[in-house]
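Shown next, in structure tokens, is the structure this report addresses.
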Amino acid sequence: MARSRPRVWLVAGCAAVILWASVAQLVAVGRFLLLFGLVGDADPSPPPSALPPPRIYMSNGYLKISCNGGLNQMRSEICDMVAVARLLNLTMVVPELDKRSFWADQSNFGDIFDVRHFINSLRDKVHIIEQLPEKLGPRDSNIIILEMPPVSWSDEKYYLHQILPLFNKYSIIHFNKTDARIANNGISTELQLLRCRVNFHALKFTPQIEGLGNKLVHKLRAKGSFVALHLRYEMDMLAFSGCNHGLSPEEAEELKKMRYAYPWWRDKEIDSQAKRSQGLCPLTPEEASLVLKALGFQKDALMYIAAGEIYGGDRRLEPLRSAFPNLVRKEMLLDSEVLHQFQNHSSQMAALDFIVSTASDVFIPTFDGNMAKLVEGHRRFLGFRRSVVLDRRKLVELLDLYTNKTISWDKFASSVREAHKDRVAQPSCRRKLENRPKEEDYFYANPHECLANSTLCS
């Protein structure tokens with residue numbers, strides 16, 4: 001961890017927030033109780049043991065969903081689709097997870113999440129079943145299932161006016177693609193709160209994953225405070241993004257071939273240099289080491305790498321390990337036999353990293369992908385735990401000036417700290433951009449409707 005004196009940049013950014021957040025979080029607790037229909041002095045964590053009464057409603061049909069993407073993208077999709085099922089008074093089938101993407105993880109919903117908890121904790125909002133009734137199975141030739149992807153970034157009117165009437169013809173609709181199918185903003189408070197409830201309460205990991213994740217946290221805590229560094233430098237990320245800064249020509253060509261091999265990665269020819277200058281590439285391990293040192297983290301800082309297999313392995317990690325020798329990964333903290341059951345299941349491994357990242361003293365992602373955003377949102381909900389949101393566009397400019405010896409280390413370090421003094425996640429309202437949903441602040445990174453500052457953003 002950084003010493004007290006070098007952390008002045010961080011303290012200055014947080015000091016005004018800490019007292020406010022401590023008191024204001026009480027407001028968030030009261031607001032979150034509304035998600036469960038509770039009153040009085042109940043504590044929302046852990047949730048009440050008694051099951052909520054089931055909601056009685058006339059179902060308009062069955063909703064099947066197939067998620068796409070990695071664990072955290074699928075997590076947000078599930079939250080969205082529960083909200084759709086509630087809005088349209090549908091019966092929802094337990095979601096199917098992605099098994100066809102790059103990771104080829106064959107995990108089912110119940111391998112990652114507690115199915116009974118998911119169903120029971122939402123029974124006062126949506127009727128969820130594990131599978132379709134036999135009478136609606138494939139043997140019945142009279143049953144026609146409509147398969148379709150809903151339109152991205154849609155509001156409630158789209159689902160009420162375009163999707164709901166389809167149930168007059170079809171008893172089952174299968175959404176075969178569900179990423180980003182609900183807008184960030186312009187959604188009723190009731191549905192926004194429901195998205196939060198699914199995210200923060202209903203999607204509970206299995207006891208096996210929770211137990212092993214908590215074991216990792218305990219092992220790290222025994223060593224002192226620690227930083228979770230989400231080093232998004234895996235092969236799939238580099239191939240998909242087209243970012244090849246610091247790679248050899250052979251490595252760049254390998255990643256390009258991989259990008260062309262996956263048809264659902266639509267962008268094939270990518271200008272890596274232009275993308276990097278716009279801050280759209282993940283930091284390399286070497287760049288991350290320089291940024292962390294500039295931010296004031298000392299050589300003895302305990303760094304947990306929350307990531308899959310780093311492209312280039314130990315050779316690529318060497319600059320980061322040289323700067324921070326106390327660099328650890330889950331594979332170093334757990335016995336291979338214990339971890340074996342999770343290997344070859346990327347989503348289950350990502351779940352372990354998610355648990356550690358939400359519990360860490362500081363969370364720093366080197367790229368703003370789905371895990372970075374979902375963890376940031378969870379840490380906001382848990383009392384605005386310290387998350388540093390890197391300004392990669394500014395960092396690339398400064399890194400190039402330093403590596404080209406245009407500026408000194410002292411100038412580089414002070415400039416990095418200055419650029420990030422206000423980039424610690426704190427109470428704020430989401431930035432809204434009309435007709436540009438991909439560029440505005442993501443709901444799950446800052447679900448302000450569910451946080452202590454909700455009244456400030458209405």
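A few comments on the model shown:
- Single residue of region 394-408 satisfying the filter (without any contact (Cβ under 8 Å) to a residue 12 or more places away in the chain and not acidic (D, E)) that is least open to solvent (accessible area, probe 1.4 Å): I407
- Among the candidates I112, I128, I173, I163, the residue that is out of contact with any Cys (no Cβ under 8 Å at 6 or more places or on another chain), within 20 Å of L193 (Cβ to Cβ), open to solvent by less than 30 Å² (accessible area, probe 1.4 Å) and β-branched (V, I, T) is uniquely I128.
- Residue check: A183 meets all listed conditions (1) open to solvent by 50 Å² or more (accessible area, probe 1.4 Å); (2) out of contact with any Gly (no Cβ under 7 Å at 6 or more places or on another chain) but one, namely (1).
- With respect to the stated conditions, I355 fails to be touching a residue at least 60 places away in the same chain (Cβ under 8 Å), closer than 14 Å to M303 by Cα and in the same structural domain as E287 (by the TED database).
- Test for G224: is it open to solvent by less than 60 Å² (accessible area, probe 1.4 Å) and at pLDDT 95 or above: yes
- When we screen A419, A445 for residues that are under 24 Å from G377 (Cα atoms), at pLDDT 95 or above and open to solvent by 20 Å² or more (accessible area, probe 1.4 Å), the only hit is A419.
- Scanning region 131-149 for residues that are within 14 Å of P95 (Cβ to Cβ) and open to solvent by 50 Å² or more (accessible area, probe 1.4 Å) yields one hit, Q131.
- Hey, K64 open to solvent by 10 Å² or more (accessible area, probe 1.4 Å), part of a strand (DSSP E or B) and at pLDDT 95 or above or not: yes
- Of the numbered criteria (1) open to solvent by 30 Å² or more (accessible area, probe 1.4 Å); (2) assigned to a helix (DSSP H, G or I); (3) closer than 27 Å to F363 by Cβ; (4) among the charged types (D, E, K, R), the one D300 fails is (2).
- Residue ID - most open to solvent (accessible area, probe 1.4 Å), chosen from residues in region 322-341 that are part of a loop (DSSP other than H, G, I, E, B) and within 27 Å of A301 (Cα to Cα): D335
- Residue in region 236-258 that is open to solvent by 60 Å² or more (accessible area, probe 1.4 Å) and either closer than 23 Å to Q131 by Cα or of a type in the set (S, T, Y) (or both) present: no
- Selected residue [open to solvent by 40 Å² or more (accessible area, probe 1.4 Å) and touching a residue at least 12 places away in the same chain (Cβ under 8 Å)] from S121, S152: S152
- Subset tally (residues that are open to solvent by 30 Å² or more (accessible area, probe 1.4 Å), among the aliphatic types (A, V, I, L, M) and over 9 Å from T358 (Cβ atoms)) for region 369-393: 1
The values are calculated or read from the model by the stated rules, or taken from the named source; none is laboratory data. All figures in this text were calculated on a predicted structure; none of them were measured in a lab. Reconstructed Cβ throughout: ideal geometry from the backbone, glycine too, with neighbour counts over all protein chains shown. Ligands, DNA and RNA are stripped out before the accessible areas are found, and what is left, the full protein with its side chains, is counted by its heavy atoms. Shrake-Rupley method; radii C 1.70, N 1.55, O 1.52, S 1.80 Å.
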